[in-house]
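These notes concern the structure reproduced below.
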Amino acid sequence: MDTLFSSSPSVVAWSFFSPVRTIASPSKLYSAVATFSSTPLVNAGFRRNHLPLLRPLTSSTAPNFWIRCGAGVKEIEESEFQSTVLESSRPVLVEFVATWCGPCRLISPAMESIAQEYGDRLEVVKIDHDANPHLIEKYKVYGLPTLILFKDGHEVAESRREGAITKAKLKEYVDSLLETISVA
C-alpha cells in the first residue's frame, strides 16, 4: 500500500495505486476534489466523496473513431496494393493510418483536400495499419501516419514522411515530390 504525504500535516492518503502526479499545493484543489482525512481508510475501502472512482470502459462508453475516406482518397487492402499502387500509370501517394491514431485523424481532412486538388496528377490511397501487417513489415512503417510516394512500381527516394502535418506543409511536400519526379 502506498502512502502520499504532503507538506500539510492534515493531508495523508492511503492508496493501492501509484500517484499519477504530484501537486505542490493540495489546498487549491479543495473544491475540485474531496478532502483527505488523516485517518487511514478501513480495509482500504473508499469512503464516499473521498476519492473519485473511475468507470470502466464498456462497449457503450468506449469512444469509437473512424477515418473516413471521401471521394478523393481510396482505402485499399493488401490484395489491391499491386494493381492500385505498383501497376499505376500515375504517381500514388500512400498514407498508412490506423483508426486509433490521433495524428492520422488530424491529417485526414488535409489528405482529402490534396486528393481532390491533385486528382488529375496524383492518386491518393489509404492503407489500414492493423489490417495489412505484411505491407507494414515490407515497407518498414514505424510511425503513423506515414506517407510514401510510389511511381512506376517503386518508392520514390526521400518521399517518406512520418507524423502529422498541416495542410500548407502537406501541399509543399506534395508539390516538391511532384516536381522531383517530373524532373527525373
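The values are calculated or read from the model by the stated rules, or taken from the named source; none is laboratory data. Just so it is clear, the structure is predicted and the values come from calculations on it, not from any experiment. Every residue, glycine as well, gets a Cβ built from its backbone with ideal geometry; the counts of neighbours run over all protein chains shown. Surface accessibility is based on the protein's heavy atoms, side chains included, excluding ligands, DNA and RNA. Shrake-Rupley method; radii C 1.70, N 1.55, O 1.52, S 1.80 Å.
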Problem set entry | Residues within the stretch 79-108 that are open to solvent by 70 Å² or more (accessible area, probe 1.4 Å) and touching a residue at least 40 places away in the same chain (Cβ under 8 Å), tallied | 3
Exercise. Residues in the stretch 143-155 that are more than 16 Å from F81 (Cα to Cα) and open to solvent by 20 Å² or more (accessible area, probe 1.4 Å): how many?
Worked result: 1
